[in-house]
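The values are calculated or read from the model by the stated rules, or taken from the named source; none is laboratory data. Just so you know, these numbers come straight off a predicted model, no measurement behind them. Here the Cβ positions follow ideal geometry from the backbone for every residue, glycine too, while neighbour counts run over all protein chains shown.
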Amino acid sequence: MSSSLSEKIFRTILGAFGVFIVLLMFSVAIFLTVGAWPVIRHGLSDFVQTQTWNPVNGQFGALAVLFGTLVSSSIAIAIAAPLGVGAAIFLKELAPARVASVFSFLIEMLAAVPSVIFGLWGFFVLAPAIRDHVAPIFYPLGEYVPIFRGPSYGVGILTAGVVLALMILPTMAAIVREIFSAVPQHQREAALGLGSTRWEAVRVAVLAPSKPGILSAAVLATARALGETMAVTMVIGNRNAVSLSLFDPGQSMASLIANEYAEASDSRHIAALMAVGLLLLVISLVVNAVARIIAKRSAAKWK
Amino acid sequence: MEHNGSYSGHNGSYSSHNGHVSLVGHGDNFESQTILESKDLDAWFGSHHVVKSVSLHFFSRTVSAIIGPSGCGKSTFLRCLNRMHEEIPGARAKGVVNFQGKNIYDMFSEPANVRRHIGMVFQKPNPFPAMSIFENVIIGLKLAGVKKGYVLNDIAEACLKQVGLWDEVKDKLSAPGLSLSGGQQQRLCIARALAMAPEVILMDEPTSALDPISTARIEELLVELKKTVSIVIVTHNMQQAARISDTTAFLLSGDLVEFGRTGEIFTNPRKSETERYITGRFG
Ligand SMILES: Nc1ncnc2c1ncn2[C@@H]1O[C@H](COP(=O)(O)OP(=O)(O)OP(=O)(O)O)[C@@H](O)[C@H]1O
Ligand SMILES: [Mg+2]
């Protein structure tokens with residue numbers, strides 16, 4: 001077989017895969033759009049501004065789950081971003097090679113833990129700990145600051161956020177470590193040569209030029225948190241309401257769908273779930289795209 | 001006190017009295033204060049012995065060249081002189097490096113502090129990409145705790161003038177350092193080092209990545225700079241060493257073969273290896 005012919009076949013197969021993936025994406029989007037059509041026709045803006053979600057009365061609004069998803073993901077990235085950057089600094093810049101390789105291994109193992117295991121741990125270990133030891137510390141503050149208002153039932157938005165943080169930490173740490181690896185050694189030496197300490201050299205020569213990359217890593221990790229379902233469903237508390245307190249139970253878009261898709265029988269309920277799914281898909285795609293655009297724009301031009 | 005013949009690979013072409021080392025050469029007697037000296041300095045990468053018991057003097061307000069074939073340990077030796085060598089994992093140095101009479105390898109000496117006095121310019125221009133031209137010049141001072149804006153401005157201007165960059169950049173100080181040409185970037189890096197007011201600047205082939213015109217400008221600059229700062233320069237370019245340096249040391253596989261006044265080394269080398277190297281017969 002001539003090499004040009006085999007190349008042609010190879011290209012055709014690859015091309016077919018590409019087309020297949022695009023079609024698959026489209027079919028998912030079309031499936032959701034068609035399924036959600038009754039809601040869309042009614043007006044999506046109404047849908048996302050309504051808090052009540054009551055299948056019994058046939059009232060469907062997505063505000064509570066939008067809120068739950070955004071807040072739990074924000075908590076997750078607020079915890080995971082500094083931890084991930086810290087872990088990357090430790091691994092790449094400070095730790096001796098042997099210690100670093102042990103730590104990298106542990107972090108990679110964290111990424112291999114199944115979501116449902118995080119959920120179990122969150123439910124049986126983290127939730128009681130938050131209920132009995134963390135939340136009570138904040139109760140006095142809660143009288144003035146609504147986000148700390150008690151009581152805590154253990155499960156809730158904060159618990160979901162912390163579990164999510166652990167789940168996206170490996171992603172964050174791995175991407176940031178790659179970004180640091182791209183910083184040439186001569187940059188660190190330039191800083192050291194000016195009499196900076198190890199830590200100052202990290203700040204000046206490594207962190208400063210990596211800022212856009214770190215931002216993009218954080219957005220990418222957030223995108224992972226937005227759609228995470230299993231663990232969140234197990235620890236978020238599953239209550240369809242907007243509540244300002246971090247200790248209150250809530251609901252995310254993903255957990256709502258996971259909780260109700262099997263029992264939804266009337267067509268309006270199904271359409272509402274489809275609409276939530278469509279929203280989640282669009283948000284995830286947009287956030288991913290934003291991360292990639294930032295990454296592309298900022299790719300440091302090391303020579 | 002050091003005396004004749006105590007330097008490896010060297011047969012008494014200089015002598016030392018009361019801390020003054022005089023190189024005995026032709027014509028005007030070269031005499032100057034030693035600012036930096038290595039004594040029996042060894043360096044390793046892992047178990048690879050790269051610098052072997054090198055003892056060398058560097059004099060105040062001179063340009064000192066280090067020459068030798070690729071891989072002979074020039075960069076490693078140079079990087080031992082401000083404790084940069086040890087920043088590489090697995091790298092190790094042993095011996096004494098006296099800076100103004102104090103051993104920078106003794107237990108009380110801080111590498112960061114050493115490097116404030118003994119600065120460095122690298123082979124490839126390496127301005128900080130996230131910083132402007134101005135920020136690049138003053139970052140060392142900022143890290144050292146200098147906060148006053150007018151002080152930073154004055155020093156930046158003085159250093160940029162010193163390297164002959166001021167007129168070219170004075171209207172775009174906030175442009176990124178990387179927006180300059182290679183030769184300008186290297187002068188920016190020299191200005192960045194000068195801003196710390198170091199007594200010594202170590203330069204590892206600072207012109208090897210530059211075009212001939214930029215190279216010539218930097219050579220002129222070094223000759224000018226030695227009025228205020230001592231320069232140790234590693235170079236592969238024999239003409240460059242001959243043109244700008246006052247003393248030359250020749251290293252071969254980690255050993256110091258010969259050290260002396262540049263004129264001597266290039267016209268009347270004592271060792272046959274030196275002669276073979278400078279006449280281009282090996283390396
Ligand atoms: N980072 C490193 N890790 C391990 N070995 C190294 C490292 N850098 C240099 N070496 C080895 O140490 C020896 C001396 O290297 P060095 O860079 O000091 O030579 P050099 O004289 O500066 O050479 P060149 O003229 O090519 O720059 C070489 O054998 C080299 O392979
Ligand atoms: Mg070298």
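Remarks
- Options B:V51, B:V63; residue that is away from ligand 2 (no atom under 16 Å from the Cβ), within 24 Å of A:L192 (Cβ to Cβ) and crowded, with 24+ Cβ neighbours inside 10 Å: B:V63
- Breaking point among (1) within 14 Å of chain A (Cβ to nearest Cβ); (2) within 16 Å of ligand 1 (Cβ to nearest atom), for B:S109: (2)
- Within the range A:39-62, residues that are more than 15 Å from A:R239 (Cα to Cα) and of a type in the set (G, A, S) have Cβ atoms under 7 Å from residues that are modelled with pLDDT under 95 and not in a loop (DSSP other than H, G, I, E, B) in these pairs: A:G58/A:R268, counting only partners at least 6 apart in sequence or on another chain.
- Under the condition of being within 16 Å of ligand 1 (Cβ to nearest atom), away from chain A (no Cβ under 14 Å) and either in a loop (DSSP other than H, G, I, E, B) or among the aliphatic types (A, V, I, L, M) (or both), the residues counted in the range B:45-96 number 15.
- Residue, farthest from the chain's Cα centre (by Cα), within the range A:171-187, restricted to residues that are within 12 Å of another protein chain (Cβ to nearest Cβ) and of a type outside the set (A, V, I, L, M, F, W, C): A:H186
- Some residue of the range B:257-266 being within 16 Å of ligand 2 (Cβ to nearest atom) and either more than 20 Å from B:G182 (Cβ to Cβ) or not in a loop (DSSP other than H, G, I, E, B) (or both): no
- The lone criterion from (1) surrounded by fewer than 22 Cβ atoms within 10 Å (Cβ to Cβ); (2) away from chain B (no Cβ under 14 Å) left unmet by A:V276 is number (1).
Residue by residue, here is whether (1) within 16 Å of ligand 1 (Cβ to nearest atom); (2) surrounded by fewer than 22 Cβ atoms within 10 Å (Cβ to Cβ); (3) aliphatic (A, V, I, L, M); (4) within 25 Å of B:E220 (Cβ to Cβ) holds:
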{"position": "B:T248", "(1), (2), (3), (4)": "yes, no, no, yes"}
{"position": "B:E258", "(1), (2), (3), (4)": "yes, no, no, no"}
{"position": "B:I265", "(1), (2), (3), (4)": "no, no, yes, yes"}
{"position": "B:N268", "(1), (2), (3), (4)": "no, yes, no, no"}
{"position": "B:I278", "(1), (2), (3), (4)": "yes, yes, yes, yes"}
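- B:S38, sole failed condition from (1) near ligand 1 (Cβ under 9 Å from one of its atoms); (2) more than 19 Å from B:A242 (Cα to Cα): (1)
- Any hit, the range A:88-109, residues being of a type in the set (A, V, I, L, M), closer than 30 Å to A:S245 by Cα and in contact with a helix residue (DSSP H, G or I) (Cβ under 6 Å, 6 or more places away or on another chain): no
- Among the criteria (1) part of a helix (DSSP H, G or I); (2) within 14 Å of chain A (Cβ to nearest Cβ); (3) at pLDDT below 95, the one B:D167 does not fulfil is (2).
- B:P129 being surrounded by fewer than 23 Cβ atoms within 10 Å (Cβ to Cβ), within 16 Å of ligand 1 (Cβ to nearest atom), modelled with pLDDT under 95 and not in a strand (DSSP E or B): no
- Considering the range B:143-153, and only residues there that are part of a helix (DSSP H, G or I) and over 30 Å from B:K74 (Cα atoms), the residue that is farthest from the other protein chains (Cβ to nearest Cβ) turns out to be B:Y150.
- Residue in the range B:14-25 that is away from every other protein chain (no Cβ under 14 Å) and either at pLDDT 95 or above or within 16 Å of ligand 2 (Cβ to nearest atom) (or both) present: no
- Scanning the range A:265-290 for residues that are modelled with pLDDT of 90 or more and of a type in the set (G, A, S) yields A:S267, A:A271, A:A272, A:A275, A:G277, A:S284, A:A289.
- The set of residues in the range A:251-269 being touching a residue at least 40 places away in the same chain (Cβ under 8 Å), assigned to a helix (DSSP H, G or I) and buried (at least 17 other Cβ atoms within 10 Å of the Cβ) consists of A:M253, A:A254, A:S255, A:L256, A:E260, A:H269.
- Candidates are the residues of the range B:193-217 that are touching a Leu at 6+ places or on another chain (Cβ under 7 Å) and hydrophobic (A, V, I, L, M, F, W, C); the one that is farthest from ligand 2 (Cβ to nearest atom) is B:A195.
Table: residues versus (1) in contact (Cβ under 8 Å) with a residue 24 or more places away in the chain; (2) within 11 Å of chain A (Cβ to nearest Cβ); (3) surrounded by fewer than 18 Cβ atoms within 10 Å (Cβ to Cβ); (4) assigned to a loop (DSSP other than H, G, I, E, B).
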| position | (1), (2), (3), (4) |
| --- | --- |
| B:R116 | yes, yes, no, no |
| B:M120 | yes, yes, no, no |
| B:Q123 | yes, yes, yes, yes |
| B:F134 | yes, no, no, no |
| B:I138 | yes, yes, no, no |
| B:L141 | yes, yes, no, no |
| B:I155 | yes, no, no, no |
| B:L160 | yes, no, no, no |
| B:K172 | yes, no, yes, yes |
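- Yes/no for A:I30 being in contact (Cβ under 8 Å) with a residue 24 or more places away in the chain and under 22 Å from A:G277 (Cβ atoms): no
- In the range A:137-149, of all residues being in a helix (DSSP H, G or I) and loosely packed, with under 14 Cβ neighbours inside 10 Å, the one that is farthest from the chain's Cα centre (by Cα) corresponds to A:P140.
- Residue list for the range A:188-219, restricted to those being within 16 Å of B:N136 (Cβ to Cβ), at the interface with another protein chain (Cβ under 7 Å from one of its Cβ atoms) and without any contact (Cβ under 8 Å) to a residue 40 or more places away in the chain: A:E189, A:A190, A:L192, A:G193, A:L194, A:G195, A:S196, A:E200, A:V204, A:A205, A:A208
- Residues of the range B:94-125 that turn out to be in contact with an Asp or Glu (Cβ under 8 Å, 6 or more places away or on another chain) and within 16 Å of ligand 2 (Cβ to nearest atom), as a count: 4
- Unique residue being loosely packed, with under 15 Cβ neighbours inside 10 Å and either farther than 20 Å from A:G35 by Cβ or among the aliphatic types (A, V, I, L, M) (or both) when the list is A:R239, A:R297: A:R297
- Filtered residue count, the range B:174-218, keeping only those that are surrounded by 19 or more Cβ atoms within 10 Å (Cβ to Cβ) and out of contact with any helix residue (DSSP H, G or I) (no Cβ under 9 Å at 6 or more places or on another chain): 0
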